[in-house]
Amino acid sequence: MAITVVGSVAFDSIETPAGRRERCLGGAATYFSLSASFFTQVRVIAVVGEDFGAAQQAAFDARKIDTQGIEHASGKSFFWEGSYLENLNEAKTHTTDLNVFGAFQPKIPDAYRDSEFLFLANIDPVLQRRVREAMPDVKLVAGDTMNYWIKDHRPALLEVLRGLDILLINDTETKMLAANTNLVQAARAVLDMGPRMLVVKHGEYGATAFYGRDGIGARTFRAPALPLEEVVDPTGAGDSFAGGFFGYLASQKELTPGAFRRAMFYGSVMGSFAVEEFGTARIEKLTREEIDTRFSQFRELTHLD
Ligand code: AMP
């Protein structure tokens with residue numbers, strides 16, 4: 001079943017202990033859609049500027065991602081600059097230039113209307129909410145956000161949370177959103193804000209799923225991350241996790257508790273690939289066979305017999 005995603009399509013300048021890259025193709029919706037495209041049809045809603053050219057478009061085309069909903073505006077694309085010099089698990093943001101996203105009015109192409117899955121990737125919660133309201137008939141809605149929006153755009157974000165089935169954020173964001181330093185208590189508080197399921201990403205340590213009282217119906221569950229010898233660039237790991245997680249769910253006939261657990265593993269698989277090279281490079285050249293092989297490695301990592 002098809003997923004519509006709204007979020008940033010961007011250029012990123014990134015510095016990590018492995019080096020520096022200027023203006024790579026990035027953005028939350030970009031990583032999400034590349035990753036989810038290995039599991040299902042993906043349709044993107046975003047805006048780009050005149051600096052988004054044939055090379056960037058080719059990355060989406062190669063994965064057969066529907067980009068009718070990417071509007072081309074005059075001006076520059078979203079630009080983000082960050083580094084991971086002190087902590088590989090958390091980006092330090094140096095620059096966020098919204099550029100064409102500042103005045104973006106999302107429009108949903110008619111061909112996207114039958115999407116049963118909606119992902120609100122990281123972007124201004126006001127835009128996330130508009131897209132959510134314009135697609136009231138979707139079967140499952142998941143979303144992401146980050147410290148930038150939690151700190152300074154809280155009322156708009158709280159409205160988005162009320163309309164979500166699943167929220168995927170990292171542990172620092174969970175604690176910040178709940179103003180509580182204990183992860184389990186913070187998760188409970190976030191679930192009380194609206195989502196039925198909360199997926200907390202722990203960077204190199206995996207991810208934990210928590211369920212609300214009227215939740216999707218399963219126990220707290222943790223998926224590991226693959227211990228890697230080298231992390232080249234953590235940018236996009238969270239969005240690639242979300243793409244694997246939600247893409248796998250969208251490919252399933254039935255959303256059983258087991259499907260949610262396997263989705264957590266597919267999310268971890270996609271996150272583990274994303275960090276192996278700068279920007280989207282690794283995800284762009286990935287194959288389905290590599291995904292399946294790594295899924296087996298994850299199984300072996302945690303299997304008792
Ligand atoms: P992550 O998966 O959390 O590493 O997300 C990385 C991506 O988020 C980068 O490609 C950035 O372009 C994008 N990004 C950074 N800051 C923002 C923001 N404030 N709003 C939307 N996207 C952002």
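Read-outs: derived from the displayed coordinates by stated rules, not from any lab. Not measured: the values here are computed from a predicted model. Positions of Cβ are generated from backbone atoms using ideal geometry, with glycine treated the same way; all protein chains shown enter the neighbour counts.
Points worth noting:
- Placing unit charges on the Cβ atoms only, positive for Lys and Arg and negative for Asp and Glu, gives region 20-149 a dipole magnitude near 100 debye about its Cα centre.
- Cα point-scatterer Debye curve for region 119-211, base-10 log of I(q)/I(0) at q = 0.12, 0.18, 0.19, 0.21 Å⁻¹: -0.32, -0.73, -0.81, -0.99
- For K201, the aspartates and glutamates whose Cα falls under 13 Å of its own Cα, not counting residues fewer than eight places away in the same chain, are E90, D144, D171, E173, D239.
- Percent RCO, i.e. relative contact order, over the chain, from Cα pairs under 8 Å lying at least 6 residues apart: 18
- Structural size metrics of region 190-305, computed from C-alpha coordinates, are Rg and Dmax of 14.2, 41 Å.
- Calculated log₁₀ intensity ratio I(q)/I(0) where the Debye formula runs over C-alpha points of region 41-148, q = 0.18 Å⁻¹: -1.05
- Straight-line cross-link reach from K139 at under 13 Å between alpha-carbon atoms covers these aspartates and glutamates, not counting any fewer than eight positions away in the same chain: D114, E116, D165, E254.
- Ranked by how many other Cβ atoms sit within 10 Å of their own Cβ, fewest first, the residues L161, L168, L228 fall in the order L228, L161, L168.
- Note on the chain: Kirkwood radius taken over Cα pairs, Stokes-Einstein applied at 20 °C and 1.002 mPa s, translational D equal to 113 µm² s⁻¹.
- Here D51, D305 are placed in order of increasing Cβ neighbour count within 10 Å, fewest first, which gives D305, D51.
- Look at S35, S74 and count the other Cβ atoms within 10 Å of each Cβ; fewest to most, that gives S74, S35.
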